[in-house]
Amino acid sequence: MNTGNVRHDVTTSETDLHNQAAAVLRANDNGHYVKPAPGNYPHQWLWDTCFTAIGLAHVDARRAARELLNLLRGQWENGMMPHMIYSARLPYSLEAGLWRTHGLSPRGVRTSGITQPPVLAIAVEAVVAQLPVAEQPDFLAAMVPAIERYHEWLYRERDPNKTGLVALVHPWESGTDDSPVWTEAMADLPPAPRWRRVLWGAIMFRSNDERASSQSIGQMVRLVDELRRANYDSQTILKTSPVVIRDLGFNAIFAAANESLERLVKMQGDNLTVELIGQIASTRRAIDRLWHEPSREYFSYQVPLGGLITVSTVATFLPLFAGIASPERAEYLRLQLVNPERFSPNHPIPSVPLNQPLFEPRRYWRGPVWINMNWFTIRGLERYGMFEEAEWLRLRTLDLAQQHGFREYYSPLTGDGLGAHEFSWTAALILDLLVHTAKD
Ligand code: 2M8
């Protein structure tokens, strides 16, 4: 680990970076919400909005609070928070109709039928800390019951057998769409016919060497068709779908979000239900069972066949963020992180380690650096008192944005910016990383 060659003068360069990041969020603000990026990403995505709010809180806390409140319009009657809320006035809104979620989504709101990592409670906690004290109670009163209903939905619908781990039924739910973790589970799934894929204009047009392959996209479309046929009924889907994964990253984020929720409820002078408290504890224990001693890392769990999916990804560091790893395991993870053949090329952290067969430096979630994953890992390292590593990674991460702009993702080998330009969550999390140094 060499921190020497990264500039760190908390002077004009960081002020400039702050101003540029704030400008990206302003430019992507369509008046209702901050879209993930110009062009391809015009709608409101669940975890994008949460990351955006975490950064925006440092610039305009009220606007950040509105951003999160805005998400509540998409929450389903049963508590589910959809991964996308479509804007009818925008291009690609044809896609919205393909989900056929009317009757399930709130009247007049067009949503997808699946969820995304539950960063919401974490974002609410970050935003409430920046709001004027007098405005905190109303914000909490609106957000906390919705989050409780959401977390209860995750347990009720996605963990009916009370394993402690939430099961995902589509790679889009993991947020790490094209991760090799899903590849094997989807191997036998025939891609949707071409005419159906074409209807999904938004994602189809994005297929190139930086995006998911057209085979993967075809399979993702096929899987949505299956979910829709089951009317998004988790009970049916969990029993019949060949693609059900207890995703490591999602569950680790969920565990951390549960901690945030507990603190938010306390701020209101209240307590969670005994049932939820028990479920929360079971999640922490279950994540620890995702540890694979021979490889000394955490993995996701494949449900239909049973067993760990021993494909390494950056998600292995997320149990640090949730404070679940023992100090001994945290040390093993630290060694993985600083290993140049694994997670420490010129520009860490690759989403898939370099020596893993499916590693591709430029393709979407198969190798590139994603700033949200770096952010989770930095916060995790801090939690374990690994301040030197956290600061090293923070500076590396800032450097990527400084040198290559606020891109959707970056090559871990060259640092080249990839995917969308002016990407909101990159800008927002850079804002947060500029404010909180490892020593805070
Ligand atoms: C990517 O996913 C969407 C589908 O949800 C897409 O490819 O169209 C992912 O990177 C996801 O994590 C992200 O929320 C979304 C918008 O930035 O794009």
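The values are calculated or read from the model by the stated rules, or taken from the named source; none is laboratory data. Just so we're clear, the structure is a prediction, and the values are computed from it rather than from any experiment. Positions of Cβ are generated from backbone atoms using ideal geometry, with glycine treated the same way; all protein chains shown enter the neighbour counts.
Here's the yes/no breakdown for (1) in contact with a Gly (Cβ under 8 Å, 6 or more places away or on another chain); (2) exposed (fewer than 13 other Cβ atoms within 10 Å of the Cβ); (3) at negative phi:
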| site | (1), (2), (3) |
| --- | --- |
| Val265 | no, no, yes |
| Gly269 | no, yes, no |
| Glu275 | no, yes, yes |
| Ser282 | yes, no, yes |
| Ala286 | yes, no, yes |
| Glu293 | no, yes, yes |
| Gln302 | no, no, yes |
Which of the following residues is among the basic types (Lys, Arg), more than 16 Å from the ligand (Cβ to nearest atom) and either surrounded by fewer than 24 Cβ atoms within 10 Å (Cβ to Cβ) or not in a helix (DSSP H, G or I) (or both): Arg379, Arg362?
Arg379
Which of the residues that make up the range 386-411 are surrounded by fewer than 17 Cβ atoms within 10 Å (Cβ to Cβ) and either of a type in the set (Phe, Trp, Tyr) or over 20 Å from Ser344 (Cα atoms) (or both)?
Phe387, Gly405
Residue list for the range 35-57, restricted to those being more than 8 Å from the ligand (Cβ to nearest atom) and either within 18 Å of Arg211 (Cα to Cα) or not in a loop (DSSP other than H, G, I, E, B) (or both):
Pro38, Gly39, Pro42, Gln44, Thr49, Cys50, Phe51, Thr52, Ala53, Ile54, Gly55, Leu56
Conditions (1) under 26 Å from Trp392 (Cβ atoms); (2) in contact (Cβ under 8 Å) with a residue 12 or more places away in the chain -> Glu328 fails only (2)
Count of residues meeting criterion [of a type in the set (Val, Ile, Thr), at pLDDT below 95 and either crowded, with 21+ Cβ neighbours inside 10 Å or part of a loop (DSSP other than H, G, I, E, B) (or both)] in the range 412-440:
1
Can you find even one residue in the range 393-411 that is in contact (Cβ under 8 Å) with a residue 24 or more places away in the chain, touching a strand residue (DSSP E or B) at 6+ places or on another chain (Cβ under 7 Å), in a loop (DSSP other than H, G, I, E, B) and away from the ligand (no atom under 15 Å from the Cβ)?
yes
Among residues of the range 285-332 being outside any strand (DSSP E or B) and of a type in the set (S, T, N, Q), the residue farthest from Glu382 (Cα to Cα) is Thr310
If I filter the range 167-191 down to residues being modelled with pLDDT under 95 and of a type in the set (Gly, Ala, Ser), which single residue comes out as farthest from the ligand (Cβ to nearest atom)?
Ala187
Starting from residues that are of a type in the set (Asp, Glu) and assigned to a loop (DSSP other than H, G, I, E, B), keep the ones in the range 60-115 and report whichever is surrounded by the fewest Cβ atoms within 10 Å (Cβ to Cβ).
Glu77
When you go through (1) within 16 Å of the ligand (Cβ to nearest atom); (2) part of a loop (DSSP other than H, G, I, E, B); (3) crowded, with 21+ Cβ neighbours inside 10 Å one by one for Gly164, which number turns out not to apply?
(1)
